[in-house]
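Working notes, structure below.
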Amino acid sequence: VRILAILGNSEGIDIQEDRKILEQLPGTEIVFLVQPRRFELDKYLWDKQGWDILFFAGHGTSGLECNTGKIYLNQTESLTITQLRNALKTAISRGLQLAIFNCCDGLGLAKELLSLNIGQTIVMREPVPDVVAQSFLKQFLEAFAAGESLYIAMRQARERLQGLESEYPCASWIP
């Protein structure tokens, strides 16, 4: 399994835990792009070998009505899915099946990705505390890597977030 992992702007959040979780996955080849520039990300999305999973951790937002979304690559650059459209279409044609955006407010990203016909997308519906995002990622990847279907792994990871709801109300509804 080839994973392109983008660790974007992390001001005020801890995305190093996301990296540790990914690094523990067995049977994977992971390329980490840490606060990349736009041209760097674009170059990697065009990789001839292709990717199975695109992962993003960092800051994200959705526009009004959740029609568009934006990810923050670094301190100065942000991107919409439309700005990555050609590179993403190529990555999808070369095998990209799953996009995971472990960032706040990703519904706009998901809506834009739908038009590209990617297999599956996982986003957070609203602002998400680090602990919730990291716990979800860990539980999801453990179940998925153990052979559970995407849907079962997703459901189990969401259900396990219920244990955090005394501190983070409605945590299980964010992914």
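The values are calculated or read from the model by the stated rules, or taken from the named source; none is laboratory data. None of these values were measured; they are calculated from a predicted model. As a convention, Cβ positions derive from the backbone with ideal geometry for all residues, glycine included, and neighbour counts pool all protein chains shown. We work out accessible area using only protein heavy atoms, side chains counted, and drop any ligands, DNA or RNA first. Shrake-Rupley method; radii C 1.70, N 1.55, O 1.52, S 1.80 Å.
Here are 70, 20, 43: which of them is assigned to a strand (DSSP E or B), charged (D, E, K, R) and either modelled with pLDDT of 95 or more or under 14 Å from the mean Cα position of the chain (by Cα) (or both)? Talk me through it step by step, then tell me what you get.
Details: 20 fails: assigned to a strand (DSSP E or B); 43 fails: assigned to a strand (DSSP E or B).
Checking each option against the conditions leaves just 70.
Out of region 99-126, which residues are hydrophobic (A, V, I, L, M, F, W, C) and not in a loop (DSSP other than H, G, I, E, B)? Write out each step before concluding.
Of the residues in region 99-126, the ones hydrophobic (A, V, I, L, M, F, W, C) are 99-101, 103-104, 107, 109-110, 113-114, 116, 118, 122-124.
Matches in region 99-126: 99, 100, 101, 107, 109, 110, 113, 114, 122, 123.
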> Which residue out of 48, 70, 20 is under 17 Å from residue 108 (Cα atoms) and open to solvent by 40 Å² or more (accessible area, probe 1.4 Å)?
Replying inline: 70
> Tell me, which residue of region 139-156 that is among the polar types (S, T, N, Q) and closer than 19 Å to residue 99 by Cβ is least open to solvent (accessible area, probe 1.4 Å)?
Replying inline: 139
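If you check residue 110 against the conditions, is it modelled with pLDDT of 95 or more and among the small types (Gly, Ala, Ser)? Working first, answer last.
Values: modelled with pLDDT of 95 or more: no; among the small types (Gly, Ala, Ser): yes.
Taking the combined requirement at face value, the residue does not satisfy it.
Does residue 101 fit the bill of being buried (at least 17 other Cβ atoms within 10 Å of the Cβ), of a type outside the set (Asp, Glu), more than 17 Å from residue 45 (Cα to Cα) and within 13 Å of the chain's Cα centre (by Cα)? Even if it seems obvious, please write down each step before you answer.
Working: buried (at least 17 other Cβ atoms within 10 Å of the Cβ): yes; of a type outside the set (Asp, Glu): yes; more than 17 Å from residue 45 (Cα to Cα): no; within 13 Å of the chain's Cα centre (by Cα): yes.
No; evaluated as a whole, the condition is false for this residue.
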>> Looking at (1) without any contact (Cβ under 8 Å) to a residue 60 or more places away in the chain; (2) not in a loop (DSSP other than H, G, I, E, B), which one does residue 96 not meet, given that it meets all the others?
In response: (2)
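Hey, among 41, 33, which residue is surrounded by 15 or more Cβ atoms within 10 Å (Cβ to Cβ), in contact with a Phe, Trp or Tyr (Cβ under 9 Å, 6 or more places away or on another chain) and aliphatic (A, V, I, L, M)? Write out each step before concluding.
Details: 41 fails: in contact with a Phe, Trp or Tyr (Cβ under 9 Å, 6 or more places away or on another chain).
Matching residue, one of 41, 33: 33.
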>> I need the full set of residues from region 46-67 which are part of a helix (DSSP H, G or I) and touching a helix residue (DSSP H, G or I) at 6+ places or on another chain (Cβ under 6 Å), in order please.
In response: 66
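Restricting region 68-93 to residues that are among the aliphatic types (A, V, I, L, M) and free of Cβ contacts under 8 Å to residues at least 40 places away in the same chain, which is farthest from residue 1 (Cα to Cα)?
The qualifying residue farthest from residue 1 (Cα to Cα) is 81.
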